[in-house]
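FYI, it's all coordinate maths here, none of it is from the lab. What you see is a predicted model; the values in this text were computed from it and never measured. Cβ: placed from backbone, ideal geometry, glycine included. Neighbour counts: every protein chain shown.
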Amino acid sequence: MFYLQQIGAYFLMIKEVFNRMTKPSVLRKLILKEIDDLVINSLGIVAFISFFIGAVVAIQTALNLTNPLIPRELIGFASRQSVILEFSPTFISVIMAGKVGSFITSSIGTMRVTEQIDALEVMGINSLNYLVFPKIIAMLLYPFLIAISMFLGILGGYVAGVYGGFVTNDEFIAGLTDDFTPFHLVYSFLKTFIFAFLLATIPSFHGFYMKGGALEVGKASTTSFVWTTVAVIMVNYIITQILLS
Amino acid sequence: MIHVENLHKGFGEAKILKGVTTSFEKGKTNLIIGTSGSGKTVFLKCLLGLFTPEQGTITYGNTAYNELNEQEQRDLKEQMGMVFQGSALFDSMTVAENVRFPLEMFTKKTKKEMNIRVSEVLERVNLEGADLKLPSEISGGMQKRVAIARAIVTNPKYLFCDEPNSGLDPKTAIVIDNLIKEITEEFDITTVINTHDMNSVMEIGEKIVFLKQGYLEWEGDKSQIFQTDNKAVTDFVYSSNLFKKVREAQLKGL
């Protein structure tokens, strides 16, 4: 019953986010700040993780290719498929649920604890629109981050595979371009947009409706990470079932 | 002027306000006092429109809040300024940005006009030169002055303060109290202050409303509060050792 109430409250919050818009000139500044906080500031960690995980995928694939009948091109093929289909959109989103999600929950939660949200309400401002709407708009740029992750993941695979001596340049490129299905990119970016919305709104929900003090801000951040991850994994399964099966 | 009539508010089974009726006059510092749990904060949040009363009316000037539609309520809120207990300054904004915030949200002033107004208000609260600092870089007393500046920057008709001098040393607390009183008189606004600080009562209490367990127990001014025989009020006032000694001296005729 509690979880149903929470889900209901979440959807009511989403409705309220799009009500009574904040003044456009103020909103513009807020969106730019959120793009900086949520997207630009995540570039480093996303680039780092993507490159090295791509490299590990290539090495693991190469080390498991013991059958001489299986072509070495599979290393490039496996790197591309695993990075584009799952690693970049889904697992980077889980990592972002920790990085961006906890930032959103703790910053909004701290505003709740220190009465900054009350201050907005007293002024007659729709605090949900003021706080959450710019985050949703900023996260529209999240697919660009995922595109960079895809590129760096495959680059990591190439560097580890070719310079590690597991595969030649031609074999890797042949595997990379073999049997490419453009719809996989559509599938991947479609789910990235949905994950971006979840990453902006679920942590906001946990921060906005938290009660208590500093300790509860920490607890809300943890809860928000868990529920954002659960939502990402569930949505990933549903979209994969609908679009790819 | 604000008139409150038969105000009731509760949360579930707990009844917090039980039929409070009182008035707060324009150009005066009106204080709400009472022990913790007496309903002061809920009362103030009802006045601010943050809580909807279950029963009763709150009238601002000639306008009853519950008869207004949503847009009119928002328009009325733009005429209110609030100083929160913890100042509630926006952490990510500088002092000047905090003060400019209501101007950006609710006025069509140019950037230059806003900067002039911000400088005027910061000067009024004696904070010249602090405009580029972040709230975390200034003292508690300065944060309170920034909160006051933000509350008055749009020339509100009503100023509400929730324990404005809590956490401040006695000297700074008096500075803040006097600043609020001066601003109230200077701009002729209706100021309502929620406090349990007897020094504030002595300093600026032009009208005092004493709440006890959700009821209005007593109201009067700072001279009357020391004359009353109301036990709840005298227990509250003389709970401080200093005031107890003053009372004992009075009774001994010293």
Debye-sum result for the protein assembly as shown in log10 I(q)/I(0), which assumes one identical scatterer on each alpha carbon, at q = 0.11 Å⁻¹: -0.96
Tell me, what ³J(HN,Hα) does each residue in the range A:190-206 have, in order and in whole Hz, if you take phi through Karplus 6.51 cos²θ - 1.76 cosθ + 1.60 with θ = phi - 60° and put x for Gly and Pro? 4, 6, 4, 4, 5, 4, 4, 5, 5, 5, 7, 9, 5, x, 5, 4, 5
Return the FRET efficiency for the residue pair A:Phe183, A:Phe144: r is the Cβ-Cβ distance, R0 is 22 Å, and the value is rounded to the nearest 0.05. 0.65
Taking Rh as the Kirkwood radius, which is the inverse of the mean 1/r over Cα pairs, what is the Rg/Rh value for the range B:100-173? 0.98
For the range A:1-114, the Rg and Dmax computed from alpha carbons only, in angstrom: 21.0, 65
Full extension between A:Thr66 and A:Ala174 adds, at 0.36 nm per residue less the Cα distance, a length in nm of 36.9 nm
Of A:Lys211/B:Lys181; B:Lys222/B:Lys252; B:Lys157/B:Lys181; A:Lys29/B:Lys133, pairs whose Cα-Cα distance is over 23 Å: A:Lys211/B:Lys181
Long-range amide H partners of B:Met82 with built H, under 5 Å: B:Phe160
Thinking of chain B as a set of Cα atoms, what percent of all their pairs are more than 34 Å apart? 19
I'd like the Karplus ³J(HN,Hα) series for the range B:4-17: coefficients 6.51, -1.76, 1.60, θ = phi - 60°, whole numbers in Hz, and an x wherever there's a Gly or Pro. 10, 10, 6, 7, 10, 8, x, 10, x, 6, 6, 8, 8, 10
Give a residue-ordered list of calculated ³J(HN,Hα) values for the range B:36-42 (Karplus: 6.51 cos²θ - 1.76 cosθ + 1.60, θ = phi - 60°; whole Hz; x for Gly, Pro). 4, x, 7, x, 4, 5, 4
For the range A:60-115, which semi-axes, largest first and in whole Å, follow from the square roots of 5 times the eigenvalues of its Cα gyration tensor? 44, 9, 5
When chain B is treated as a GNM, springs tying every alpha-carbon pair under 10 Å, which of B:Asn69, B:Asn199, B:Asn126 comes out with the largest mean-square fluctuation? B:Asn69
For chain A, what does the relative contact order come out to in percent, with C-alpha contacts under 8 Å and a separation of six or more? 34
Residues whose built amide H sits under 5 Å from the amide H of B:Leu216, excluding neighbours closer than 5 in sequence, are B:Thr21
Restricting to Cα pairs below 8 Å that are 6+ residues apart, what does the relative contact order work out to for the range B:27-133? Please round to a whole percent. 17
Under the 0.36 nm per residue contour assumption, what length would be gained going from the current alpha-carbon distance of B:Ser23 and B:Gln55 to full extension? 9.8 nm
Label model pair A:Val56, B:Lys231: point-to-point distance (7 angstrom along the Cα→beta-carbon line) in nm is 7.3
I need the calculated FRET efficiency for the pair A:Asp36 and B:Asn199, taking r as the beta carbon distance and R₀ as 41 Å, to the nearest 0.05. 0.35
Please work out the Kirkwood hydrodynamic radius for the range B:18-113, using every pair of different C-alpha atoms, and report it in angstroms with one decimal place. 16.0
Would you please give the residues with an amide H less than 5 Å from that of B:Thr191, counting only those at least 5 places away or on a separate chain, with H modeled from the backbone geometry? B:Gly27, B:Lys28, B:Asn30, B:Leu159
Which three extents, in whole angstrom, do the alpha-carbon atoms of the range B:143-250 cover along their principal axes, largest first? 44, 29, 24
Based on the Cβ-Cβ distance from B:Asp169 to A:Tyr209, what FRET efficiency comes out when R0 is 35 Å, to the nearest 0.05? 0.45
What list of whole percents do you get for P(r) of chain A, with Cα-Cα distances grouped in 5 Å bins up to the one holding the largest distance? 1, 7, 13, 15, 16, 13, 11, 8, 6, 5, 3, 2, 1, 0, 0
Counting only DSSP beta bridges with both residues in the protein assembly as shown, what percent are antiparallel, rounded to the nearest 5? 55
